[in-house]
1. Would you confirm whether or not the range 269-281 contains a residue that is closer than 29 Å to Ile65 by Cα and small (Gly, Ala, Ser)?
2. Six or more apart or on different chains, Cβ under 7 Å: which pairs go from a residue in the range 91-105 that's under 11 Å from Ala174 (Cα atoms) to one that's β-branched (Val, Ile, Thr) and part of a loop (DSSP other than H, G, I, E, B)? Could you list them?
3. What pairs can you find where one residue is in the range 139-161 and without any contact (Cβ under 8 Å) to a residue 60 or more places away in the chain, the other is in a loop (DSSP other than H, G, I, E, B) and surrounded by 18 or more Cβ atoms within 10 Å (Cβ to Cβ), and their Cβ atoms are less than 7 Å apart, with a gap of 6+ or different chains?
4. Does Gly72 qualify as being among the small types (Gly, Ala, Ser), crowded, with 22+ Cβ neighbours inside 10 Å and in a loop (DSSP other than H, G, I, E, B)?
5. Mind counting the residues in the range 223-241 that are part of a strand (DSSP E or B) and in contact with a helix residue (DSSP H, G or I) (Cβ under 8 Å, 6 or more places away or on another chain)?
6. Across the range 144-160, what is the number of residues that are more than 20 Å from the chain's Cα centre (by Cα) and buried (at least 18 other Cβ atoms within 10 Å of the Cβ)?
7. Quick check on my filter: what residues within the range 327-342 are closer than 23 Å to Leu248 by Cβ, among the small types (Gly, Ala, Ser) and surrounded by fewer than 19 Cβ atoms within 10 Å (Cβ to Cβ)?
8. Quick one: how many residues across the range 97-127 are under 20 Å from Asp183 (Cβ atoms), of a type in the set (S, T, N, Q) and assigned to a strand (DSSP E or B)?
Amino acid sequence: MYLNRLTLTLAAAWIGAAAVPVTAAPVADPMALPALMVAQPARAYLTGIARAGKRLVAVGERGVIVLSDDDGATWRQASVPVSVTLTAVQFPTPTQGWAVGHYGLVLHSGDGGATWTRQLDGVQAAQLVLRDAQAGQGGSAYLADAQRLVADGPDKPFLGLHFTDENNGFIVGAYNLAFRTRDGGKTWAPFGNRLDNPKASHLYAVEASGSDVLIAGEQGVLLRSTDSGATFARIALPYKGSFFALTLGGADAVVAGLGGNAFSSHDRGATWTALAVPASVSVTAARLRNGRLLIANQAGMLLAGAAGATAIAPLNTQALPQPNDLIALPDGTIVTVGVAGVVRLPAQAATTTSMAAR
C-alpha cells in the first residue's frame, strides 16, 4: 500500500517537473509549528488511544491530540506545540502521560492530556546514543552507527512506549532505537545496543507488567526481560515477519502482525503457542483487559476471545475503516481510532461474536 502510493507520488512529481520549471518553496519545520487545528477532532487520522483516568486521549497525524470526557461520545482538541505525526500514547496515571512519534519525538503531559511539552527529539536522542558509544559501551561498530545516527538528523520515529508508573518508562522505534527513563522523562538512556537485534530491525511495540518487559518488531524480533529491563533475551518463534501489536497483562501476553500471524503466552512470555486467527490479514492492534483479548486488523475486523483461548473469533460488527488502535471501556464499549477517526461500538455489539472462540 505505502509503496504504491509513494511510486505514484514520485511519478507525478517527475512528470510535473519535466513539464514546468518549479522553484522549490521552503518547507516548514513540523517541530517548530503547533499541531494542525481540525474542524472535526473525532474525524482526524488517529493512530493511538489511551485512558487517562476517566478521560480518553487519542493521538494522530500532524500533532493532533484529541480528548473525550464522556467515553468517546464527544471530542475536543488539545494544545500541542508540534505538528509531527504521533504514533502512540499512554497514561500510567490519570494526569501523567506520554506520546511518541516521528522526528524522534517524546511529548509529556502533566494535566491529563490537555497540554503537552517536548521532552526529547531525534537530535537529542542521537546525541545520547553517541555519548553512550563514546563511553565505550559497544565497540567501534556501535560508535560508527552512533555517528551515522547523528549525521542522518532527526528522521527516525519512535513507534511504541510503555510506562510502568509516572517515573519508569521505555520507548522503542525504527532501526533498533530504544531508550528508558527512571525519572519521568527528565533524562533518557539508550539501551538498543544491549538488545539481540543484530540487523537493527525496527521495534514497533513495548509492554511491561511487574518485572517483565517485552519488545516486538520486524523480522520476527521478540525480546524478553524478567529483570525490569536490565537485560533482554531473544525469543525464538517459528515466524520471521513483522510484529505490529503486543499486549501484556499479568501472566498473559499476545504478539501479532503480518498476515494475521499471532502467538500467545500464559507464563509471562517464557513460552509461546500459535493463536488461531480467522483471517490472514495483518493485525494492527491488540489489547488484554480483565481476561479478555481484543484484536483489530487491517481489514477493519474486530476479534475477541478469552485470554487463555487458542483461537479468537470475529465480533458481529460491520467492517470498520482501518483501525490503528482500540480500547475497551469498563462497561464493555469498544472505542477504535484509525483512518476515519473515532468509532465507538456499544457494549452489546462489542460482546456478541459470530462464532465461539475455543
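The values are calculated or read from the model by the stated rules, or taken from the named source; none is laboratory data. The structure displayed is predicted, hence computed values, not measured ones. Neighbour counts are summed over all protein chains in view; Cβ atoms, including those assigned to glycine, are modelled from backbone coordinates with ideal geometry.
1. So in the range 269-281, the residues closer than 29 Å to Ile65 by Cα come out as 281.
Remaining after also requiring small (Gly, Ala, Ser): none.
No: the range 269-281 contains no residue that is closer than 29 Å to Ile65 by Cα and small (Gly, Ala, Ser).
2. Partner pairs satisfying both residue conditions: Gly101/Val84; Gly101/Thr85; His102/Val84; His102/Thr85; Tyr103/Val84.
3. Lys156/Gly104; Lys156/Leu177
4. So Gly72 fits the description; yes.
5. First, the residues of the range 223-241 that are part of a strand (DSSP E or B): 223-225, 233-234.
Checking which are in contact with a helix residue (DSSP H, G or I) (Cβ under 8 Å, 6 or more places away or on another chain) leaves us with none.
Qualifying residue count for the region: 0.
6. If we filter the range 144-160 for residues that are more than 20 Å from the chain's Cα centre (by Cα), which is where we start, we get 144-153.
Okay, now just the ones that are also buried (at least 18 other Cβ atoms within 10 Å of the Cβ), so 145-146, 149.
Within the range 144-160, residues that are more than 20 Å from the chain's Cα centre (by Cα) and buried (at least 18 other Cβ atoms within 10 Å of the Cβ) number 3.
7. The one that is closer than 23 Å to Leu248 by Cβ, among the small types (Gly, Ala, Ser) and surrounded by fewer than 19 Cβ atoms within 10 Å (Cβ to Cβ): Gly332.
8. Going through the range 97-127 one residue at a time, the tally reaches 3.
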